[in-house]
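The values are calculated or read from the model by the stated rules, or taken from the named source; none is laboratory data. Just so we're clear, the structure is a prediction, and the values are computed from it rather than from any experiment. All Cβ positions, even for glycine, are placed from backbone atoms using ideal geometry, and neighbour counts span all protein chains on display.
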Amino acid sequence: MRDQSELEKIIGYSFRDTSLLTLALSHRSIDGANNERLEFLGDSVLGLIITNHIFKSSKNIDEGDLSKLRSAVVCGKALAGVANKLSLGNYLILGTGERKSGGYLRESILGDTVEALIGAIFLDSNIDITEKCIMEWFNPLIRDALSRKNKKDSKTRLQEWLQKRGHAPPIYTLSATEGNPHSKIFFIECVLDEFEITGRDKASSRKAAEQLVASKILKELGV
């Protein structure tokens, strides 16, 4: 078994009760105590911390999208990625058969071990210290998930927002054009009567103008 003090340096936490760290790394394929109960606890702690962070940092995102964001951050693939970043595979305690079959590379085992490690840190310390560790490990995943959501174009975001609330999709109207055929400027308007909002803008293409109008309306709606 490798020196677990090396792992403590990697994860940024030193255990008072090192038996908890050993237990967190112990897969059910070994004889004796394993990490399944810690995994159960860690799953709940992780879910609470990530949900709370996303909820507070994404005030204009509705429940459905919050759920999708959380799932993207705590899915098996994401957890395995965190495990690899922390080099957990090098410290896993596996049964002989599991070790020979490459269990230290298996995504499900790595992800479960991350949750068990979180459970162990929580028992060894408190919720604040556990949150600090989780945010250090998961912040890049949260940023990526938020970035992917925000990369949706404005027209798509506006249409999805309206449809989720039972409203008709927006209609963009060409109100005027200016310039010669090779350098036209397109003036687009979109009216949302139910919200008493009218968006207007212009651009060198109709599509670009519609995106600008949708972006303005989203800001008016506070989305």
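Quick notes on this one:
- The one condition in (1) modelled with pLDDT under 90; (2) surrounded by 13 or more Cβ atoms within 10 Å (Cβ to Cβ) that Asn150 fails to fulfil: (2)
- Residue within region 195-208 that is among the β-branched types (Val, Ile, Thr) and either farther than 25 Å from Ile54 by Cα or in contact (Cβ under 8 Å) with a residue 24 or more places away in the chain (or both) present: yes
Residues are listed down the side, and each one gets a yes or a no for (1) assigned by TED's automatic domain parsing to the domain that holds Gly119; (2) not aromatic (Phe, Trp, Tyr):
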position	(1), (2)
Met135	yes, yes
Glu160	no, yes
Phe187	no, no
Glu196	no, yes
Ala208	no, yes
Leu212	no, yes
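- Criterion applied to Ile109, Ile129, Ile121 was being in the same structural domain as Leu23 (by TED's automatic domain parsing), more than 18 Å from the chain's Cα centre (by Cα) and loosely packed, with under 15 Cβ neighbours inside 10 Å, and the one residue passing it is Ile129.
- Filter result for Leu162 (of a type outside the set (S, T, N, Q), part of a helix (DSSP H, G or I) and over 23 Å from the mean Cα position of the chain (by Cα)): yes
- The residue that is modelled with the lowest pLDDT, among those in region 51-75 that are out of contact with any Leu (no Cβ under 9 Å at 6 or more places or on another chain) and closer than 27 Å to Leu123 by Cβ, is Lys56.
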